[in-house]
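The values are calculated or read from the model by the stated rules, or taken from the named source; none is laboratory data. Bear in mind the structure is a predicted one, so any value in this text is a computation, not a measurement. Positions of Cβ are backbone-derived with ideal geometry, glycine not excepted, and every protein chain shown enters the neighbour counts.
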Amino acid sequence: MTLDEIARELGYSKSTVSRALSGKGRISKETTEIIRNFVNNQENEQKEIKDCTHNIGVVLPADIYFGGGDFFHNCLFGICEAASMFGYNVLITIRKQHSISELQTLVENQRVDGIIITRGLEEDVALKYLTDIKFPTALTGTCDYDEVIQVDTDNEGAAERLITMLIGRGFTKFAFLAKDMHFIADKKRYDGFCKALLKNGIQQQNQLFSVDSAKLEFLDSIVTNLIAEKIQCVICGDDEICTMIMSKLQSEGYRIPKDIAVASLYNSSNLECFSPAVTAINVPAAQMGNMACKQLILKLMNKEYRSRTTVDYDILFRKSTNLDSKY
């Protein structure tokens with residue numbers, strides 16, 4: 001800043017500012033400190049702006065390449081939209097579940113100003129690393145780190161509500177299928193499922209659970225168990241599992257919902273294309289990504305931001321759980 005700009009900003013004369021900075025002339029100690037502190041703060045802010053990369057790092061899970069990417073693609077779209085509004089770029093890195101080497105490279109080479117993690121894990125090494133070094137971080141999900149900006153939906157409440165509604169429609173024997181209980185979202189959905197059973201007086205031990213194993217290679221045995229156990233309604237932890245189950249059941253000639261009903265705790269465009277379309281919980285993933293990015297950038301700009309945001313969900317009842325179609 002020029003002497004004129006400093007003088008105008010602080011309300012002093014140009015000569016007073018000049019004498020305070022040069023140390024020459026009779027200026028009170030208090031006035032000198034005010035002027036010098038102001039100049040130092042301005043220099044630090046300019047340095048921060050100069051050092052800023054205007055890049056946001058986004059960490060996507062590696063399994064998006066294996067059919068489970070609808071949430072993450074939409075989330076990324078929302079992130080890019082918000083970043084563009086603030087003049088930021090997005091750098092993407094892929095993360096295997098227990099590896100953070102690519103993330104560390106982004107951070108330690110000073111290529112990004114902040115990080116958005118799109119999937120939270122139990123005992124998350126990435127979040128621990130970022131909070132330990134006090135690096136600006138956002139998460140589309142929930143975690144125990146207060147320093148992390150969090151944007152999520154009520155996965156537990158949504159699952160509990162959907163199962164309660166299905167019980168109210170006459171279903172009493174369920175199967176719950178989840179990919180990995182280390183995923184916070186899957187754990188919350190499982191908790192909501194169990195709460196609904198408990199509140200409605202349905203014995204948990206009479207239900208079928210396949211957690212940490214609902215994968216393509218086990219699909220034949222899972223479907224065999226569903227039929228052998230006379231499951232009335234399959235609850236899929238996400239759209240990827242639901243797509244596999246629906247495809248397998250229909251390829252083997254089972255009629256949905258006449259032989260067995262199916263619902264998903266996360267919706268995607270795939271589930272609308274089945275015949276019948278699948279009952280699911282709809283979450284605005286793009287909105288979650290947009291909000292996480294926006295709040296992170298506001299924090300980077302030293303502006304007011306929201307550290308916790310919960311977005312709404314919708315329960316979409318479709319023909320895959322329509323009891324009227326069973327009888």
| query | Can you find a residue in the stretch 193-213 that is touching a residue at least 40 places away in the same chain (Cβ under 8 Å), outside the structural domain of residue 293 (by TED's automatic domain parsing) and either more than 28 Å from residue 92 (Cα to Cα) or part of a helix (DSSP H, G or I) (or both)? | reply | yes
| field | Test: residue in the stretch 210-224 that is of a type in the set (D, E, K, R), modelled with pLDDT under 95 and surrounded by 15 or more Cβ atoms within 10 Å (Cβ to Cβ) | value | yes
| query | Is at least one residue of the stretch 153-165 β-branched (Val, Ile, Thr), buried (at least 23 other Cβ atoms within 10 Å of the Cβ), in contact (Cβ under 8 Å) with a residue 40 or more places away in the chain and in a helix (DSSP H, G or I)? | reply | yes
| note | Inside the stretch 255-282, the number of residues satisfying the requirement of being polar (S, T, N, Q), free of Cβ contacts under 8 Å to residues at least 24 places away in the same chain and assigned to a helix (DSSP H, G or I) is 0
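So which of 141, 170 is in contact with a helix residue (DSSP H, G or I) (Cβ under 7 Å, 6 or more places away or on another chain), surrounded by 22 or more Cβ atoms within 10 Å (Cβ to Cβ) and not hydrophobic (A, V, I, L, M, F, W, C)?
Residue meeting the stated conditions: 141.
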| request: Any residue in the stretch 71-82 that's assigned to a helix (DSSP H, G or I): show its pairings with residues that are among the charged types (D, E, K, R) at Cβ separation under 7 Å, as long as the two are six or more apart or on different chains. | output: 82/294
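Per-residue answers, yes or no, for (1) among the small types (Gly, Ala, Ser); (2) modelled with pLDDT of 95 or more:
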| position | (1), (2) |
| --- | --- |
| 241 | no, no |
| 262 | no, yes |
| 286 | yes, yes |
| 292 | yes, yes |
| 319 | no, yes |
| 322 | no, no |
| message | Suppose we keep only residues that are modelled with pLDDT of 95 or more and not aliphatic (A, V, I, L, M) within the stretch 173-185. Which one would you say is surrounded by the most Cβ atoms within 10 Å (Cβ to Cβ)? | response | 174
| field | Test: residue 104 is under 22 Å from residue 52 (Cα atoms) and without any contact (Cβ under 8 Å) to a residue 40 or more places away in the chain | value | yes
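Restricting attention to the stretch 224-240, does a residue exist that is outside the structural domain of residue 64 (by TED's automatic domain parsing), assigned to a helix (DSSP H, G or I) and under 19 Å from residue 183 (Cβ atoms)? Walk me through it before giving the result.
Step one: of the stretch 224-240, the residues outside the structural domain of residue 64 (by TED's automatic domain parsing) are 224-240.
Restricting the remaining residues to those that are assigned to a helix (DSSP H, G or I) gives 224-228, 239-240.
Retained after the next criterion (residues that are under 19 Å from residue 183 (Cβ atoms)): 239-240.
Checked against the condition, which is being outside the structural domain of residue 64 (by TED's automatic domain parsing), assigned to a helix (DSSP H, G or I) and under 19 Å from residue 183 (Cβ atoms), the stretch 224-240 yields at least one hit.
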| query | With respect to residue 282, is the statement that it is within 27 Å of the chain's Cα centre (by Cα), modelled with pLDDT under 95, under 26 Å from residue 173 (Cα atoms) and surrounded by 14 or more Cβ atoms within 10 Å (Cβ to Cβ) true? | reply | no
